[in-house]
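Novice: Could you have a look at this structure, given as structure tokens, before my questions?
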Amino acid sequence: MDKFDSDRPAVLHDLNDPIPADLKSRFGMVFDGGTIEHIFDVRQVMGNIVDMLRPGGCVVHLCSFAIDHGFYGFSPVLFYDFYGANGFGDFECYLMELDLSDVTRTYANRHRCVTYEYGMTLDGVLDTSKEILIFFAARKQASLTTLTVPTQGSYARRGNLGEAPAEIAQSAFDRLLPAWVQPLARPLRPLLRTAYRQYRRAQTRRAASITRI
């Protein structure tokens, strides 16, 4: 699919506009190979992706953080929050440091790849001097009648926006403790949360040091 016919696309369409009816629920996979950051109306293009996929189908995004590469530079939480609010699950996300400095190395071992988990701290994990690519995949589990605009869950998760969506607000801390203990243990949450973040940061750095793609 393309807005311009110079590459002779199978479908000539501007994704700033709603897709035609014959494309709805038609595809088992939609691959975004670095397209949505070049489309001004992000809400419409994301809605088009949802509409084009049939239940059970997958979306795969490959997009860049790079400045001036497109209109926007996206964050992983956009995909988690948007697709989580619109009937998707089975999320997978990876961040790659694009390193083209050594042309003698092969593509397979030139770039370092980090597994991303929702809301994780990236301080000291990524080399920001390199271009960062996001790989994100999700599966459509249900067809909703209307598109839901999400609240950024990473802030809600920290308690800055009141009630978070249920799937984000229920922390591992809550799941591990019986309901009657949780009110008594609530004053300990900040300390436990800080300790957990430090633990996750150490785990992420350890994994990042050995993971390659």
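The values are calculated or read from the model by the stated rules, or taken from the named source; none is laboratory data. All values derive from a computational prediction rather than experimental measurement. Note that each Cβ is placed from the backbone with ideal geometry, even for glycine, and that neighbours are counted across all protein chains shown. Side chains are part of the model used for accessible areas, which takes the heavy atoms of the whole protein and leaves out ligands, DNA and RNA. Shrake-Rupley method; radii C 1.70, N 1.55, O 1.52, S 1.80 Å.
Novice: Does Phe31 meet the test of being in contact with a helix residue (DSSP H, G or I) (Cβ under 7 Å, 6 or more places away or on another chain), open to solvent by 50 Å² or more (accessible area, probe 1.4 Å), at negative phi and part of a strand (DSSP E or B)?
Specialist: Values: in contact with a helix residue (DSSP H, G or I) (Cβ under 7 Å, 6 or more places away or on another chain): no; open to solvent by 50 Å² or more (accessible area, probe 1.4 Å): yes; at negative phi: yes; part of a strand (DSSP E or B): yes.
Spelling it out, it is not the case that Phe31 is in contact with a helix residue (DSSP H, G or I) (Cβ under 7 Å, 6 or more places away or on another chain), open to solvent by 50 Å² or more (accessible area, probe 1.4 Å), at negative phi and part of a strand (DSSP E or B).
Novice: Also, I was wondering about something else. Residue pairs, Cβ under 6 Å, 6 or more apart or interchain, first in segment 10-33 and under 12 Å from Leu53 (Cα atoms), second open to solvent by 80 Å² or more (accessible area, probe 1.4 Å). List them.
Specialist: Ser25/Arg54
Novice: I want to confirm something. Restricting to segment 44-77 and keeping residues that are within 27 Å of Ser143 (Cβ to Cβ) and of a type in the set (S, T, N, Q), which single residue is least open to solvent (accessible area, probe 1.4 Å)?
Specialist: Asn48
Novice: For Tyr80, all conditions in the list (1) on the phi > 0 side of the Ramachandran plot; (2) under 10 Å from the mean Cα position of the chain (by Cα) hold save one; what is the number of the exception?
Specialist: Here Tyr80 meets the rest and fails (1).
Novice: Okay, next question. Being surrounded by 15 or more Cβ atoms within 10 Å (Cβ to Cβ) and touching a Phe, Trp or Tyr at 6+ places or on another chain (Cβ under 9 Å): is that true of Ile39 here? Quick ask: steps written out before the conclusion?
Specialist: On the way: surrounded by 15 or more Cβ atoms within 10 Å (Cβ to Cβ): yes; touching a Phe, Trp or Tyr at 6+ places or on another chain (Cβ under 9 Å): yes.
Yes, satisfied.
Novice: State whether the residues of segment 94-101 include one that is open to solvent by less than 20 Å² (accessible area, probe 1.4 Å), under 13 Å from the mean Cα position of the chain (by Cα) and among the hydroxyl-bearing types (Ser, Thr, Tyr).
Specialist: Checked against the condition, which is being open to solvent by less than 20 Å² (accessible area, probe 1.4 Å), under 13 Å from the mean Cα position of the chain (by Cα) and among the hydroxyl-bearing types (Ser, Thr, Tyr), segment 94-101 yields no hits at all.
Novice: While we're here: Got a sec? Which of Asn86, Asn109 is polar (S, T, N, Q) and surrounded by 14 or more Cβ atoms within 10 Å (Cβ to Cβ)? Outline the logic, then answer.
Specialist: Details: Asn109 fails: surrounded by 14 or more Cβ atoms within 10 Å (Cβ to Cβ).
From the options Asn86, Asn109, the qualifying one is Asn86.
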